[in-house]
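Participant: Please read through the structure below; I'll follow up with questions.
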Amino acid sequence: MMHALPFALACAVTSQEPPASTIRFTDVTAQSGIAMTTTSGSTPSTTVLEVKGGGLGLIDFDGDGDLDLFVPNGATLANPDAGPGARLFRNDGAMRFTDVTDASGIRHRRWSFGVTVGDADADGRDDIFIACFGPDVLLRNKGDGTFEDITARAGLGDPAWGTSAAFADLDLDGDLDLFVCNYLDFDPSKPLPPANFKGMKVIAGPRGYQAAVDRIYENKGDGTFVDRGGDCGVASARPGFGLNLAIVDFSGDGKPDIFVGNDSQANNLFTQTAPWAYRDDGLRSGIAVNGEGSEQATMGVAVADIDGNGRPDVFTTNFSSDTNTLHLNLDGRNFDDRTNQFGLGAPSRTLVGWGAGFVDFDHDGDEDLLSVNGHVYPQATREAMDSEYAQRPLLMERRGVRFHALTEAGAWKLEPRVDRTAVFADLDQDGDVDAVVAGLNQALQVLRNDHDAADDWLVVVPRDTRAGVGNRHAVGAMVEVTAGGVTQRRWIVGGGPFQSNNAPEAHFGVAKGSGPIAVTVRFPDGKVSTTEVATPGRRVTVDRAEVR
Amino acid sequence: MMSRGRFDAAEVTARTVLAQGAEIDRAAAILGISLMKQKKYEEARKYLERARGSQQPFPERSHASHFLGWCCYHLGDLEVSRAAFEQHAKDVPDEPDTQFGLGLVALGEDRLEDADRFLNKSLEGFSAPPKPDAVGQARALTRLSDVAMRRGEVEKAEELLERAVKASAVQHETWSKLARVRDRLGKEKEADAARANAERILQALGRRPAEAAPAPAQQSTPAQPNTPVQPNTPAQPTTPAAPSKDPTP
């Protein structure tokens, strides 16, 4: 019988002091060629529009096999439609990038928040969708290193304030459908008067504003989209202040479901009952609120199999004087708040958490957790609000059952920042997972993982290269790796850490000398591929086109 | 002022006294408690630490560690919180809210046996004559249901929560947990009724827009909550009450 990893490790826990962590990152921003300060209104922020920051997009736009970086960027209250503009950075390898925005033809300048990437028109190249304050935008990758704005032709361009978005094949017909979280109705000329937090006047929102309705679009198969919200059960759910989402088969019935994190309101879990029919199981499943029954801020979302039961669990980051939350997926229908069991609550109480990701940074066979932080209220101090404005990232190493907050992992870890999101990917393709961090009106930060061992990792890249298939990255696939009797699972999840996208590949730490590695990929359409890899230290592409 | 819940006024008074006589540790204790009650835990912490270490005789000194325990709990410093509560439990062995605090710290550290023991002791204290504390009982029972759920004892959790809402029906957390437990047991109608009660309490607290009012529940109706309302405040965890024996003069 195969053992789920966390509990196998738990058995090995002793009363001895755990060894020092080997997780180390180096801030290589200066050498990376990514010299960009993002814009999100002014500093200090004065309205709710200015505090969310913008996302990051991982995209292999030039098809050379590594992940490039797209930054949608924001704007200012004075001119929300004409900010400094989005940027595209080509990955040249070895953690070096070149700004190719001008050559790419991208002239996007609208105040942007979320970004997602996928082959919307099934032409074999990844396109970019940008969720904006104002009409959303779809940029088509023309295949020659340039992009064109095809928003109107594609039937997109919802004017509501979009935050996070995700492509996924919701109806399992092979093309990529689209879900967009919308936040609230905001008129820059009429912000609400200040609210009160811990006795201080602060920026108002989201409470007091009208929540905006999320959008769910069906891809008609030709790269054009039709809004299905009205007839599928999404638009009829109580509108929430949507901030982030994760699309994966939570229920285990083979159909992709949609988790939507709402700010200060109950989260939605749109369980798919039939193609284009959803039931909101948020409250009934227990994932809408935390274990105290309280609605939370729900910015960052990370999905992983934390308890080893083979089901995707959901971690969310939240406001200060609250905790981040881990909802274990018990049986596909019920989620239970087990934040404390895994040690994830207390270290987050003084933080406002944003983008988060589970990654096995040290290749010890379990996933660690990195979340980036920063307050929304410029006047936040420990004395006034129990929480600073600029905050350090929270790096939690998994040791046995519980996660432990690390104080040291390189100089970057000690630097307080006003961060909003991060993306995680093996940018230099050396086998460990690096990160790029984006904050509020501050420079992007490029972090290189210095694990650098050659033979204790495996990257599985699910692909679907069948003609006419837009879901080329197999969003929704489950990847299972078994080595030395230990099984680990990952999902290719639609959505991302916060207003960003996940890397379309599954990274594993694999113990050295653990023998042959069994790799199983369950594709979104239910087809299963099983292969064996002789040794770790390699990237393995598993193509749906080769599965009968 | 403290006993009337006027913590902001108590804070001003304590600051004034401290400004005139910086050496008066009792003023520091009052200031720390008033700040703690206003959820300003970091600032409260330093005054409570000073009060705890004071050599001056004043009635609040022996309770400073209790309030310090709550501050550190809310700041996520469970180790210091536990030590502070343990100190208070030595100094004032019969204080059920300190046992409750120790129970919550144990839950935070996933020490289920300890959580069970402390919360049961807390329940015992809140139930003791001559003045049983119904709200305290409900809080202890609600947290004991957490222990049961963590152990997978869903029916037991339901029984504990039903006892909790009988003791005091004004805790939205209790109704919400009861709804969750009933969902797990497949009792959908009963779950919805419990959820409706939680919603009604949140509405009464001003944490729900009026248009979101659910239909009246068929179950026992919760009384109006007496907790102060803080509109536009992000979701907060359960706020502990003061020790049932008010240490303030």
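Participant: Restricting to segment B:85-115, what's the tally of residues that are part of a helix (DSSP H, G or I) and either surrounded by fewer than 17 Cβ atoms within 10 Å (Cβ to Cβ) or more than 17 Å from the chain's Cα centre (by Cα) (or both)? Break it down into steps so the answer makes sense when it comes.
Facilitator: Initial filter on segment B:85-115 (part of a helix (DSSP H, G or I)): B:85-91, B:96-108, B:112-115.
Adding the requirement that they be either surrounded by fewer than 17 Cβ atoms within 10 Å (Cβ to Cβ) or more than 17 Å from the chain's Cα centre (by Cα) (or both) leaves B:86-87, B:90-91, B:112-114.
Qualifying residue count, segment B:85-115: 7.
Participant: Would you confirm whether or not segment B:160-176 contains a residue that is of a type outside the set (Gly, Ala, Ser), more than 14 Å from every other protein chain (Cβ to nearest Cβ), crowded, with 24+ Cβ neighbours inside 10 Å and touching a residue at least 12 places away in the same chain (Cβ under 8 Å)? Steps first, answer last, please.
Facilitator: To start, the set of residues in segment B:160-176 that are of a type outside the set (Gly, Ala, Ser) comprises B:160-163, B:165-166, B:170-175.
Right, trim to more than 14 Å from every other protein chain (Cβ to nearest Cβ) and you get B:160, B:162-163, B:166.
When the remaining residues are screened for being crowded, with 24+ Cβ neighbours inside 10 Å, the result is B:160.
Restricting the remaining residues to those that are touching a residue at least 12 places away in the same chain (Cβ under 8 Å) gives B:160.
The answer is yes, given that some residue of segment B:160-176 is of a type outside the set (Gly, Ala, Ser), more than 14 Å from every other protein chain (Cβ to nearest Cβ), crowded, with 24+ Cβ neighbours inside 10 Å and touching a residue at least 12 places away in the same chain (Cβ under 8 Å).
Participant: Among the candidates A:Arg215, A:Arg228, single out the residue that is touching a Cys at 6+ places or on another chain (Cβ under 9 Å), more than 14 Å from every other protein chain (Cβ to nearest Cβ) and over 25 Å from A:Arg311 (Cβ atoms). Walk me through it before giving the result.
Facilitator: On the way: A:Arg228 fails: touching a Cys at 6+ places or on another chain (Cβ under 9 Å).
Residue meeting the stated conditions: A:Arg215.
Participant: What is the residue count in segment A:425-484 for residues that are of a type in the set (Asp, Glu) and under 21 Å from the mean Cα position of the chain (by Cα)?
Facilitator: 5
Participant: Okay, next question. Do we have B:Ala157 as touching a residue at least 12 places away in the same chain (Cβ under 8 Å), touching a Lys or Arg at 6+ places or on another chain (Cβ under 7 Å) and either farther than 28 Å from B:Pro93 by Cβ or among the basic types (Lys, Arg) (or both) here? Reasoning before the result, please.
Facilitator: Values: touching a residue at least 12 places away in the same chain (Cβ under 8 Å): yes; touching a Lys or Arg at 6+ places or on another chain (Cβ under 7 Å): no; either farther than 28 Å from B:Pro93 by Cβ or among the basic types (Lys, Arg) (or both): yes.
Here the answer is no, as B:Ala157 does not meet what is asked.
Participant: Looking at segment B:108-122, I want the residues that are within 14 Å of chain A (Cβ to nearest Cβ) and have a partner that is crowded, with 20+ Cβ neighbours inside 10 Å and outside any helix (DSSP H, G or I) with Cβ atoms under 7 Å, at least 6 apart or on another chain. Which pairs are those?
Facilitator: B:Gly108/A:Asn340; B:Gly108/A:Gly345; B:Asp110/A:Asn340; B:Asp110/A:Gln341
Participant: Just give me the residues in segment A:450-470 being buried (at least 17 other Cβ atoms within 10 Å of the Cβ), closer than 30 Å to A:Asp222 by Cβ and out of contact with any helix residue (DSSP H, G or I) (no Cβ under 9 Å at 6 or more places or on another chain), in sequence order.
Facilitator: Scanning segment A:450-470 gives A:Val461, A:Gly470.
Participant: For segment A:52-86, which residues satisfy the criterion of being in contact with a Pro (Cβ under 9 Å, 6 or more places away or on another chain) and touching a residue at least 60 places away in the same chain (Cβ under 8 Å)?
Facilitator: Listed by number, the residues that qualify are A:Gly54, A:Gly55, A:Leu56, A:Gly57, A:Leu58, A:Asp60, A:Leu67, A:Leu77, A:Pro80.
Participant: While we're here: Failed condition for A:Phe335, given (1) aromatic (Phe, Trp, Tyr); (2) at the interface with chain B (Cβ under 7 Å from one of its Cβ atoms); (3) more than 19 Å from the chain's Cα centre (by Cα), with all others met?
Facilitator: (2)
Participant: Something else now. Among (1) assigned to a loop (DSSP other than H, G, I, E, B); (2) within 13 Å of chain B (Cβ to nearest Cβ); (3) not hydrophobic (A, V, I, L, M, F, W, C), which single condition is A:Gln379 missing?
Facilitator: A:Gln379 satisfies every listed condition except (2).
Participant: Still on this model: Picking from B:Leu35, B:Leu75, B:Leu48, which residue would you name as being in contact with a Lys or Arg (Cβ under 9 Å, 6 or more places away or on another chain), over 30 Å from B:Arg150 (Cβ atoms) and buried (at least 18 other Cβ atoms within 10 Å of the Cβ)?
Facilitator: On the way: B:Leu75 fails: over 30 Å from B:Arg150 (Cβ atoms); B:Leu48 fails: in contact with a Lys or Arg (Cβ under 9 Å, 6 or more places away or on another chain).
One residue alone meets the criteria, B:Leu35.
Participant: Restricting to segment A:395-411, count the residues that are more than 12 Å from chain B (Cβ to nearest Cβ) and either acidic (Asp, Glu) or part of a loop (DSSP other than H, G, I, E, B) (or both).
Facilitator: Number of matching residues: 6.
Participant: Name the residues in segment A:363-376 that are more than 14 Å from chain B (Cβ to nearest Cβ) and in a loop (DSSP other than H, G, I, E, B), would you?
Facilitator: Result: A:His363, A:Asp364, A:Gly365, A:Asp366, A:Glu367, A:Gly374.
Participant: Sort out which residues of segment A:137-159 are under 18 Å from A:Leu88 (Cα atoms), in a loop (DSSP other than H, G, I, E, B) and in contact with a helix residue (DSSP H, G or I) (Cβ under 7 Å, 6 or more places away or on another chain), and write them in order of number.
Facilitator: A:Gly145, A:Thr146
Participant: Which residue, of A:Asp257, A:Asp281, A:Asp305, A:Asp313, is acidic (Asp, Glu) and within 12 Å of chain B (Cβ to nearest Cβ)?
Facilitator: Details: A:Asp257 fails: within 12 Å of chain B (Cβ to nearest Cβ); A:Asp305 fails: within 12 Å of chain B (Cβ to nearest Cβ); A:Asp313 fails: within 12 Å of chain B (Cβ to nearest Cβ).
Result of the check over A:Asp257, A:Asp281, A:Asp305, A:Asp313: A:Asp281.
Participant: Applying the selection to segment A:342-362, what residues are within 14 Å of chain B (Cβ to nearest Cβ) and either part of a loop (DSSP other than H, G, I, E, B) or in contact with a strand residue (DSSP E or B) (Cβ under 7 Å, 6 or more places away or on another chain) (or both)?
Facilitator: Going through segment A:342-362, the residues within 14 Å of chain B (Cβ to nearest Cβ) turn out to be A:342-353.
Residues satisfying the conditions are A:Phe342, A:Gly343, A:Leu344, A:Gly345, A:Pro347, A:Ser348, A:Arg349, A:Thr350, A:Leu351, A:Val352, A:Gly353.
Participant: Moving on. Can you confirm whether A:Tyr209 is of a type in the set (Phe, Trp, Tyr), surrounded by 16 or more Cβ atoms within 10 Å (Cβ to Cβ), within 14 Å of chain B (Cβ to nearest Cβ) and more than 19 Å from A:Tyr278 (Cα to Cα)?
Facilitator: Numbers: of a type in the set (Phe, Trp, Tyr): yes; surrounded by 16 or more Cβ atoms within 10 Å (Cβ to Cβ): yes; within 14 Å of chain B (Cβ to nearest Cβ): yes; more than 19 Å from A:Tyr278 (Cα to Cα): yes.
The answer is yes for A:Tyr209.
Participant: Please go through segment A:29-84 and pick out each residue that is over 26 Å from A:Glu415 (Cβ atoms), over 18 Å from the mean Cα position of the chain (by Cα) and charged (D, E, K, R).
Facilitator: Passing the criteria: A:Asp62, A:Asp64, A:Asp66, A:Asp81.
Participant: Taking segment A:169-206 as the search range and keeping residues that are touching a helix residue (DSSP H, G or I) at 6+ places or on another chain (Cβ under 8 Å) and not in a loop (DSSP other than H, G, I, E, B), which one is nearest to the other protein chains (Cβ to nearest Cβ)?
Facilitator: Filtering segment A:169-206 for residues that are touching a helix residue (DSSP H, G or I) at 6+ places or on another chain (Cβ under 8 Å) and not in a loop (DSSP other than H, G, I, E, B), the one nearest to the other protein chains (Cβ to nearest Cβ) comes out as A:Phe197.
Participant: Would you be able to say whether some residue in segment A:258-268 is touching a Lys or Arg at 6+ places or on another chain (Cβ under 7 Å) and at positive phi? Steps first, answer last, please.
Facilitator: Initially, segment A:258-268 is screened for residues touching a Lys or Arg at 6+ places or on another chain (Cβ under 7 Å), giving A:264.
Those still in the list that are at positive phi too: A:264.
The answer is yes; a qualifying residue exists.
Participant: Keeping to segment A:296-327, report how many residues are of a type in the set (Val, Ile, Thr), closer than 25 Å to B:Leu202 by Cα and not in a loop (DSSP other than H, G, I, E, B). Explain how you work it out, then say what you get.
Facilitator: From segment A:296-327, those of a type in the set (Val, Ile, Thr) are A:298, A:301, A:303, A:306, A:314, A:316-317, A:323, A:325; that's our starting set.
Still in the running and closer than 25 Å to B:Leu202 by Cα: A:298, A:316-317, A:323, A:325.
Restricting the remaining residues to those that are not in a loop (DSSP other than H, G, I, E, B) gives A:316, A:325.
Total satisfying the criteria: 2.
Participant: Against the conditions (1) under 19 Å from B:Arg15 (Cβ atoms); (2) surrounded by fewer than 24 Cβ atoms within 10 Å (Cβ to Cβ), where does B:Arg82 fall short? Just the number, please.
Facilitator: So B:Arg82 meets the others, but not (1).
Participant: Does A:Lys220 qualify as being within 14 Å of another protein chain (Cβ to nearest Cβ), farther than 28 Å from A:Ala356 by Cα and surrounded by fewer than 15 Cβ atoms within 10 Å (Cβ to Cβ)? Write out each step before concluding.
Facilitator: Working: within 14 Å of another protein chain (Cβ to nearest Cβ): no; farther than 28 Å from A:Ala356 by Cα: yes; surrounded by fewer than 15 Cβ atoms within 10 Å (Cβ to Cβ): yes.
Taking the combined requirement at face value, the residue does not satisfy it.
A short reminder: the numbers here are calculations on the coordinates, not readings from a lab. Keep in mind the model is a prediction, meaning the values are calculated, not measured. Ideal geometry is used to build each Cβ from the backbone, glycine not excepted, and the neighbour counts take in all protein chains shown.
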